[in-house]
Amino acid sequence: MSVVKSLTGALIGAAIKDGHIHSLNDPITQYLPQLSGSAYEGVSVRHLLQMTSGVQWDETYTEIGEDCKPAKRVPARERTYWNGWGQKR
């Protein structure tokens, strides 16, 4: 696990303890409204922490200077979520 993931998890835990985040099951758009209408609509804080958002991401970099591509919007019913034990749910 990378250091950034560990640090993010710790900061989210502190935000929950301090009451800034109510629940890991809250939609991420509750805290980042600019993501409303994006591929992250309907994704929870927990999904992001577990890297199980179901958002398709293309990390193929073919152009010089291309550092990222936008995430594709995938309807919630078509997303695949993993339970953390390598099993789909």
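The values are calculated or read from the model by the stated rules, or taken from the named source; none is laboratory data. Quick caveat, the model's predicted, so the values are computed rather than measured. All Cβ positions, glycine included, derive from the backbone under ideal geometry; neighbour counts span all protein chains shown.
Pairs meeting the criteria (first residue in the stretch 1-30 and farther than 17 Å from V43 by Cα and touching a residue at least 12 places away in the same chain (Cβ under 8 Å), second residue aliphatic (A, V, I, L, M) and part of a helix (DSSP H, G or I), beta carbons under 7 Å, at least 6 apart or on different chains) are lacking.
Among the residues of the stretch 42-55, are any surrounded by 13 or more Cβ atoms within 10 Å (Cβ to Cβ), modelled with pLDDT of 85 or more and more than 22 Å from S2 (Cβ to Cβ)? Yes, there is a match, as at least one residue in the stretch 42-55 is surrounded by 13 or more Cβ atoms within 10 Å (Cβ to Cβ), modelled with pLDDT of 85 or more and more than 22 Å from S2 (Cβ to Cβ). For the stretch 21-41, a tally of residues being assigned to a loop (DSSP other than H, G, I, E, B), polar (S, T, N, Q) and loosely packed, with under 15 Cβ neighbours inside 10 Å returns 3. Applying a threshold of 8 Å to beta carbon distances and a minimum spacing of six or more residues, or different chains, the list of pairs starting in the stretch 36-62 at a residue that is farther than 16 Å from I21 by Cα and ending at one that is in a strand (DSSP E or B) and at pLDDT 85 or above reads E41/P27; G42/P27.
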